[in-house]
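The values are calculated or read from the model by the stated rules, or taken from the named source; none is laboratory data. Bear in mind the structure is a predicted one, so any value in this text is a computation, not a measurement. Note: ideal-geometry Cβ built from the backbone for every residue, glycine included; neighbour counts use all protein chains shown.
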C-alpha cells in the first residue's frame, strides 16, 4: 500500500508539471480560440534565455528572472504586431498555421542566439525526498516536485480569478467567443492579444524553469508540449481548472499504469491466450490512449465549454 | 450629429458596395435605413463604426463626421469611447458568457467606478426585466429575443450617444419585435440616445422612426420623414406590398420591375 501511495503521489506531482505547460495553451485558446502550436517553443525559448543570461552575464536567479520575463513580454507584443494583427477575423485554421510557423521560428532563433548544447539549470531545489514525510509516513516525496506543484497551484488560482473576476479577463473570454462583437463593444483586440501572449509567455517561463531544472535545458523541452495535449483533451481546452485536473489524472494514471499494468496484462495474456509480450514503457503512450478514449466519450473535455448550437 | 457625406465602400479592393451614400442623423432622433438584401445597409453601419477594416472593406471616398469631427480613421474602441456603438446583425452575444457578463463587457471602455457600473447595470435591467431573470444563464442558451435584448443592453452599458442598430427584428416573433422597438423608443425619449436603424421590416421601422432613407444597390434612392415615406405610393408598393388597387397579383410582376427602374 505504501508503494501504491508513493507511485500515486509521485504521479500526481508529475502531472502538475504537465498542467503547467497545458496552462499556456489554455490561456491562448481561451482568448483567441487558437491552438498555439508554438507553446512548446516558447517554453524552450524562455528556459534557454534564462540560462543564457545567467551564463553570459553571471546574473543571479532573481536578476535573470525579470529580464527573461521582459523578453517574453516583448515577444508577446511582437507576435501580436507581426503575426496576429494582419490576421484579424481570419479562419482559425489560418491562425493555427501561423503558430506552427512561429514555433519553428522561435526554436531557430533561440538556438541561434544561445547555442545548441544542453545546459544545466539550477534553481537551488534538490530532487530529493522530504525527510519529515519520510520519517512520519515512510513515503518518498520529492521536494522538487512538491515545490513545482505549489507553484502551479498558485498560478492556477491567480489565473482563475483573473479570467472570471476581472474586467480584462472578461474581455479575454469575450474575444474568444466572437472577435467581431468584441470589436463592436469597444474591446481593443490588439491590446488584449498582446496581454494574453505576454501572460502565456510568463507561464511558459515558469514551466520552462521547472522542466529545465529537472531535465536540463535542451531542444527536447519543446516536446513537453506534446505531453500537454492529452492533458488538454482530458481537461478541456478552455478551462484553467481543467488543465490542472487533467494534468493530475494523466500524471497519476500514467505512473500507475507503468507500475501495475504490464505485469497484470502479461499475466493475463499468458494465462488465457498463451501470448507473452513485454509491456514495459507503457508510460510513454498511455496518456495518448486515455485521451483517445476520452475524445470518443466527451470531446469537449471534463471542464471545456460545450459547443452551443441553436436548433 | 452624425453626417455621412457621399461615401464609397470597396471590399477586397474590387467589390464596390456603396456608391455614394449620404445621410444624416440629428441629435435625439431615430433614423431608419431601409432596403432589401444586399442594398448596403449593414455596410453603411460598419463604415461608421469602422468594423469594415476587419472584413477587408475600405471607405475610399467621402467622409464621416460625428459631432463635427471626422471619424473615418478612428478605431472601433475609440468610437465606442466617444459614444457610437454598433449592435450587430444577428446579435453576436458572447455565447459562453452569462447574460450579466455580456452586459459588463459593454462597459469595457469606461473607467467608471464599480458602484457606477452596478448602477448602470440596474438601469439596463429596468429596461429589460427579462434579462435580470436570466442574468446567470449562459447567453448562448437564451432565446433570440433575449439575445437581442442582451446585445442592446450591452451597447447601453457603454453609455452611448448613438446606437447603430442593425436588423433588430431578424428572426424574431412579431410580438417580440414590437417589444424591442418599444424599448428603443423609450431609450430614445428618456435617455436621449439617437438611433440609426437598419431594417428590412419597413413597416415597423417607419412606425418608430422619425426619418428614413431607402437604400438600393448601394445608393440612397429616396428619403423623407417617416410619415411621408409611409404614405408614399412607391414605398407602399415596393416595400410594404400594398398599392392603391389593394394587394397586387404576381402577374403584375413585370409592371413592378418597370417602375423600379427609375428608382435604381
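Points to keep in mind about this one:
- Hey, residue A:252 part of a helix (DSSP H, G or I) and modelled with pLDDT under 90 or not: no
- Where helices (runs of 4 or more DSSP H) fall entirely within the stretch A:102-195, those with at least 2 residues that are under 21 Å from the mean Cα position of the chain (by Cα) and away from chain B (no Cβ under 14 Å) are at A:143-165.
- Residues that are surrounded by fewer than 16 Cβ atoms within 10 Å (Cβ to Cβ) and more than 14 Å from chain B (Cβ to nearest Cβ) within the stretch A:289-311 comprise A:289, A:292, A:293, A:295, A:296, A:297, A:298, A:299, listed in sequence order.
- Test: residue B:58 is surrounded by fewer than 17 Cβ atoms within 10 Å (Cβ to Cβ) and closer than 11 Å to residue B:196 by Cα: no
- Hits in the stretch B:128-142 (condition: within 13 Å of chain A (Cβ to nearest Cβ), assigned to a helix (DSSP H, G or I) and in contact with a helix residue (DSSP H, G or I) (Cβ under 7 Å, 6 or more places away or on another chain)): B:139
- The listed residue being part of a loop (DSSP other than H, G, I, E, B), without any contact (Cβ under 8 Å) to a residue 40 or more places away in the chain and either away from chain A (no Cβ under 14 Å) or closer than 14 Å to residue A:185 by Cβ (or both), out of B:73, B:91: B:73
- Pairs with Cβ under 8 Å, 6+ apart, first in the stretch A:274-302 and farther than 20 Å from residue A:10 by Cβ, second surrounded by fewer than 12 Cβ atoms within 10 Å (Cβ to Cβ): A:300/A:307
- Options A:244, A:275; residue that is in contact with a helix residue (DSSP H, G or I) (Cβ under 8 Å, 6 or more places away or on another chain), more than 14 Å from every other protein chain (Cβ to nearest Cβ), assigned to a loop (DSSP other than H, G, I, E, B) and on the phi < 0 side of the Ramachandran plot: A:275
- The conditions of being within 27 Å of residue B:234 (Cβ to Cβ) and within 11 Å of chain A (Cβ to nearest Cβ) are met by residue B:164.
- Hey, residue A:198 away from every other protein chain (no Cβ under 11 Å), under 30 Å from residue B:106 (Cα atoms) and in a helix (DSSP H, G or I) or not: yes
- Any hit, the stretch A:46-68, residues being under 30 Å from residue B:54 (Cβ atoms), at pLDDT 90 or above and surrounded by 12 or more Cβ atoms within 10 Å (Cβ to Cβ): no
- The lone exception for residue A:98 - which of (1) out of contact with any helix residue (DSSP H, G or I) (no Cβ under 6 Å at 6 or more places or on another chain); (2) modelled with pLDDT of 90 or more; (3) surrounded by 11 or more Cβ atoms within 10 Å (Cβ to Cβ) it fails: (1)
- Matching helices (runs of 4 or more DSSP H) fully within the stretch B:185-264 where at least 3 residues are crowded, with 19+ Cβ neighbours inside 10 Å and either within 18 Å of the chain's Cα centre (by Cα) or modelled with pLDDT of 90 or more (or both): B:202-208
- Meets criteria (more than 14 Å from chain B (Cβ to nearest Cβ), without any contact (Cβ under 8 Å) to a residue 40 or more places away in the chain and either more than 27 Å from residue A:170 (Cβ to Cβ) or assigned to a helix (DSSP H, G or I) (or both)) for residue A:220: yes
- Residue match in the stretch A:281-297 (condition: under 30 Å from residue B:139 (Cα atoms) and out of contact with any helix residue (DSSP H, G or I) (no Cβ under 9 Å at 6 or more places or on another chain)): yes
Results for (1) closer than 23 Å to residue B:138 by Cα; (2) surrounded by fewer than 24 Cβ atoms within 10 Å (Cβ to Cβ), shown as yes or no for each residue.
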{"position": "A:167", "(1), (2)": "yes, yes"}
{"position": "A:170", "(1), (2)": "yes, yes"}
{"position": "A:180", "(1), (2)": "yes, yes"}
{"position": "A:186", "(1), (2)": "yes, no"}
{"position": "A:195", "(1), (2)": "no, yes"}
{"position": "A:199", "(1), (2)": "no, yes"}
{"position": "A:203", "(1), (2)": "no, no"}
{"position": "A:208", "(1), (2)": "no, no"}
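- Evaluation of residue B:38 against (1) touching a strand residue (DSSP E or B) at 6+ places or on another chain (Cβ under 8 Å); (2) farther than 22 Å from residue B:3 by Cβ; (3) surrounded by fewer than 22 Cβ atoms within 10 Å (Cβ to Cβ) (one fails), failing number: (1)
- Whichever residue in the stretch B:99-147 is within 18 Å of residue A:164 (Cα to Cα) and more than 24 Å from the chain's Cα centre (by Cα) and, among such residues, is surrounded by the most Cβ atoms within 10 Å (Cβ to Cβ): B:138
- Evaluation of residue B:169 against (1) surrounded by fewer than 16 Cβ atoms within 10 Å (Cβ to Cβ); (2) in a loop (DSSP other than H, G, I, E, B); (3) more than 14 Å from every other protein chain (Cβ to nearest Cβ) (one fails), failing number: (1)
- Listed conditions (1) modelled with pLDDT under 90; (2) part of a helix (DSSP H, G or I) are all met by residue A:35, apart from (2).
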